[in-house]
């Protein structure tokens, strides 16, 4: 069968030619009546079938690093390391370096054919679907510290129109903070000196604006640390009424229920 003449609508192989002066040749299908022009001549490689698609990236779900990195980054880390061992519980400097260097590769892939070829081989997500400038490792960690490690609030704080990929990064780095990076979280910091009782009592009615000293008093009474979260993050996370109840509990018993809650949530990962 001549594929140049086969009806494009029903596949019938014997059309009727329609010749018109000074006009391109067209055909009419004897079966369905469709009008069409002959298709282009096949190329020399037409008989070879459709072009071969690249193989999908190797799955990484069972890789320990998949807890802290998306699949494309896991493959890149393993490829970069070659036969050398890779820490399965990376420290802050190592993990921050991986994120920084992979973000650099992603940026380079937008202009460099070599970087693009490597990226396409490693990534399960097309380059044009990824944000041009994802939030940096340090910025994501800062948002998590500020919001008492609340994923939703951290994503909202980072903002932007690339929420699925911001969420992906926040989720991975929160898991790292809850496990391998736990020593870098503020609940693990040395406990601060106890605040003066009268200073805590002065916060039972939360002021419209806080002095630096009042913020320290609040954090120390609630969490046992004088820095780490942010005041807006704490208020968004727990609400003023819950904060006031926690301050009363601290004054009455010395217990810190919100600190315990933050630690328990990190333990749950």
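The values are calculated or read from the model by the stated rules, or taken from the named source; none is laboratory data. Note that this is a predicted model, so its numbers are computed, not measured. Backbone-built Cβ (ideal geometry, glycine too); neighbour counts: all protein chains shown.
Here are a few things to note about the model shown:
- Which numbered condition residue 163 misses (of (1) surrounded by 15 or more Cβ atoms within 10 Å (Cβ to Cβ); (2) without any contact (Cβ under 8 Å) to a residue 24 or more places away in the chain): (1)
- Per the conditions (1) at pLDDT 95 or above; (2) farther than 24 Å from residue 97 by Cβ; (3) part of a helix (DSSP H, G or I), the sole criterion not satisfied by residue 172 is (2).
- Only residues that are in contact (Cβ under 8 Å) with a residue 24 or more places away in the chain and assigned to a loop (DSSP other than H, G, I, E, B) were counted in region 93-132, giving 6.
- Meets criteria (closer than 15 Å to residue 73 by Cβ, assigned to a loop (DSSP other than H, G, I, E, B) and at pLDDT 95 or above) for residue 90: yes
- Condition check for residue 108: assigned by TED's automatic domain parsing to the domain that holds residue 71, under 30 Å from residue 259 (Cβ atoms) and surrounded by 14 or more Cβ atoms within 10 Å (Cβ to Cβ): no
- Of all residues making up region 65-91, the number that are free of Cβ contacts under 8 Å to residues at least 40 places away in the same chain and surrounded by 14 or more Cβ atoms within 10 Å (Cβ to Cβ): 7
- Any hit, region 197-217, residues being under 16 Å from residue 145 (Cα atoms), at pLDDT 95 or above and out of contact with any helix residue (DSSP H, G or I) (no Cβ under 8 Å at 6 or more places or on another chain): yes
- Residue selection: residue 145 fails the criterion of being under 14 Å from the mean Cα position of the chain (by Cα), crowded, with 16+ Cβ neighbours inside 10 Å and in contact (Cβ under 8 Å) with a residue 60 or more places away in the chain.
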